[in-house]
């Protein structure tokens, strides 16, 4: 089974690109969605977060608004949060992977926003980075509800520079030329990955 990690900084168009892979029949594991499930009522992250930061729990779930406000004032607590959340997400991902392999799926996608920022990067066959010029990225982010220049700077301060991510990726998808263009890039990458996998398999037979 070929495993692809799709990653990219905030505002790069990763969610849209993930849907383009899905359009090609590639099932995806969404790390952000997994976190949402962990933060919801009865989620596996509720108990440890409540023991650590009880003030961010509201109606039995993690209040993202309260958590975000706390982290904005106490950025050093990001490391503690990651210590709680990352292993739980990894467990969900492992379970999902096994299910896909059991189905006989040939290619799977892991949608992981902070792949390069994670202390322990999961093993994968290919890393696909979603990228756009800084001015395009910033305009997209600042257009979001509740976003400000200060929040933008804080987020960027926690993320690896795009130039560095590009150097460590197998493929790069530019998203500043529209969805149709990004769709063509996705199709080209899948064709190349499939051919590469067949070539490697033949030479190891």
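Where a number appears in this text, it was derived from the coordinates with a stated rule and is not lab data. None of these values were measured; they are calculated from a predicted model. Ideal geometry is used to build each Cβ from the backbone, glycine not excepted, and the neighbour counts take in all protein chains shown.
Available extension along the chain between residue 24 and residue 41 is 2.8 nm, counting 0.36 nm per residue and deducting the alpha carbon span.
Does anyone have the angle between helix 149-158 and the longest principal axis of the chain? Alpha-carbon axes, 0 to 90°, nearest 10? For helix 149-158, the angle is close to 60 degrees. Residues 163, 16, 124, arranged from fewest to most other Cβ atoms within 10 angstrom of their Cβ, appear as 163, 16, 124.
If a spin label sat at a point 7 angstrom from the Cα of residue 155 along the line to its beta carbon, the backbone N atoms of the range 64-90 nearer than 15 Å would be those of 65, 68-69, 72. Quick note on the chain: its Rg to Rh ratio, both from C-alpha atoms and Rh being the Kirkwood radius, is 0.98.
Take every DSSP beta bridge whose two residues both sit in the chain; close to 10 percent of them are antiparallel.
For the chain, the relative contact order is 35 percent, taking Cα pairs closer than 8 Å that sit 6 or more residues apart in sequence and dividing their mean separation by the residue count.
In the range 85-205, Cα pairs under 8 Å separated by at least six residues give a relative contact order of 27 percent.
For the range 54-160, the square roots a ≥ b ≥ c of the C-alpha gyration tensor eigenvalues yield an a/c of 1.5 or more together with a/b not exceeding b/c, which makes the shape oblate.
Computed across the range 14-71, the Kirkwood hydrodynamic radius from all distinct Cα-Cα pairs reaches 12.8 Å. A straight chain from residue 164 to residue 80 at 0.36 nm per residue would run longer than the Cα-Cα distance by 27.7 nm. Taking every Cα-Cα distance in the range 33-104 and sorting them into 10 Å bins from zero, the calculated P(r) comes out as 19, 48, 22, 9, 2 percent.
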